[in-house]
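Following: one structure in structure tokens, then a few remarks.
The values are calculated or read from the model by the stated rules, or taken from the named source; none is laboratory data. Small disclaimer: the values here were computed from a predicted structure and weren't measured. So basically every Cβ, Gly included, is an ideal-geometry build from the backbone, and we count neighbours across all protein chains shown. When the accessible area is computed, the model is the full protein with side chains, heavy atoms only, and any ligands, DNA or RNA have been set aside. Shrake-Rupley method; radii C 1.70, N 1.55, O 1.52, S 1.80 Å.
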Amino acid sequence: MRIAGALLRHSAGRIGLVIIGVLTVAAVLGLLGLTPHDPLAQDRLARLQPPGGSYFMGTDLFGRDILSRLMVGVGQSFTVAFLSVGIAATAGTVLGLTAAWFGGLWDGVAMRMMDVLLAFPAILLALLIVAILEAGMATSVLAIAVVYTPIFTRVARGPALSLKTRSFVDAARTFGSSRRYILTRHLLGNLVAPLTVQFTLALAWALLTEAALSFLGLGTQPPNPSLGLMLSDSRNLMEMAPWMLIFPAAVIMLAVLGFNLLGDALRDIADPRSRRALT
């Protein structure tokens, strides 16, 4: 509740909350099937209808309602983004904490593996993983999770190296606290703020990566709607039916903007100097 109140007092946070809130409601309605039309139903008589009437955002080449497909597509993209970033955050945090705590050989091996992954551009590494495995939603989740795990590993490891030498950690050891308690209570507890900010920003990157994979035909497969797939379908019809491009592109832009605004607001809230200015 305190974080929600701080976000509402932050101008960028308010805008980000509104954008993500609206898109989340649309995504939930789409996943529950509460769309204006069947997103998979084809109507040849309604092909390439411009926005208006019963088709608020128009129809595509097969007469499918774009608004309904966008609602389901946002749900698909959010599902992939949250699952992949959640896996990456969990794996990266565990790797970073254990590497910082144990040090030595384990730290060296773990961080060199992360360096190898970071050496690849994110989209190229995701394409490589999807090319090796079968294209689909589950593969996209795995590929994006692998791509962003090194980032969370470094975000967790750096502060943990400093925290483990602090006096309160030495005191916990002296009083016989278990290793698990120290790692979760003292180290992880002090990493919640930077990890939360990184999680929010990573959601924006994951959305873009998922859209890129779907655009290339390696993510969500037809006829299931996806934001990237809808952009791909509009490539040859931009002049004839520009709404097929405009609406999916606008949704992607708004989603990325919303998550970035939330990330910036959370970063300001986590900074004590900025937090005092907001109170």
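Only one entry in Thr153, Thr79 is of a type outside the set (A, V, I, L, M) and farther than 22 Å from Ala212 by Cβ, namely Thr153. I'm trying to understand the selection: among the residues of the range 1-54, which are open to solvent by less than 40 Å² (accessible area, probe 1.4 Å), outside any loop (DSSP other than H, G, I, E, B) and farther than 20 Å from Leu201 by Cβ? Within the range 1-54, Gly5, Ala26, Gly30, Ala46, Gly52 meet the criteria. Picking from residues in the range 131-165 that are within 18 Å of Ala193 (Cβ to Cβ) and modelled with pLDDT of 90 or more, the one that is farthest from the chain's Cα centre (by Cα) is Arg157. Restricting attention to the range 99-109 and to residues that are open to solvent by 30 Å² or more (accessible area, probe 1.4 Å) and out of contact with any Ser or Thr (no Cβ under 9 Å at 6 or more places or on another chain), the residue that is modelled with the highest pLDDT turns out to be Val109. Filtering Val85, Val72 for residues that are of a type in the set (A, V, I, L, M, F, W, C), closer than 20 Å to Gly33 by Cβ, surrounded by 21 or more Cβ atoms within 10 Å (Cβ to Cβ) and touching a residue at least 60 places away in the same chain (Cβ under 8 Å) leaves a single hit, Val72. The numbered conditions (1) among the basic types (Lys, Arg); (2) in contact (Cβ under 8 Å) with a residue 40 or more places away in the chain; (3) open to solvent by 30 Å² or more (accessible area, probe 1.4 Å) are all true for Arg112 except (2).
Condition check ((1) of a type in the set (Ser, Thr, Tyr); (2) more than 30 Å from Pro248 (Cβ to Cβ); (3) under 17 Å from the mean Cα position of the chain (by Cα)) across all residues:
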{"residue": "Ser77", "(1), (2), (3)": "yes, no, yes"}
{"residue": "Thr93", "(1), (2), (3)": "yes, yes, yes"}
{"residue": "Trp101", "(1), (2), (3)": "no, yes, no"}
{"residue": "Leu105", "(1), (2), (3)": "no, yes, no"}
{"residue": "Asp115", "(1), (2), (3)": "no, yes, no"}
{"residue": "Phe120", "(1), (2), (3)": "no, no, no"}
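Table: residues versus (1) farther than 22 Å from Arg235 by Cα; (2) among the aliphatic types (A, V, I, L, M); (3) modelled with pLDDT under 90.
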site	(1), (2), (3)
Ala27	yes, yes, no
Leu34	yes, yes, no
Arg44	no, no, yes
Phe56	no, no, yes
Leu67	no, yes, no
Leu83	yes, yes, no
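For the range 222-236, the condition holds for at least one residue, the condition being that it is within 17 Å of the chain's Cα centre (by Cα) and closer than 14 Å to Ala143 by Cβ. The condition (being outside any helix (DSSP H, G or I), under 20 Å from the mean Cα position of the chain (by Cα) and hydrophobic (A, V, I, L, M, F, W, C)) is satisfied by just one residue among Leu218, Leu207, Leu261: Leu218. Of the residues making up the range 55-67, those that are part of a loop (DSSP other than H, G, I, E, B) and touching a helix residue (DSSP H, G or I) at 6+ places or on another chain (Cβ under 6 Å) number 5. Taking the listed residues Phe199, Phe175, Phe168, the one that is open to solvent by 40 Å² or more (accessible area, probe 1.4 Å) and under 20 Å from the mean Cα position of the chain (by Cα) is Phe199, with no other qualifying. For the criterion of being in a loop (DSSP other than H, G, I, E, B) and on the phi > 0 side of the Ramachandran plot, Gly176 passes.
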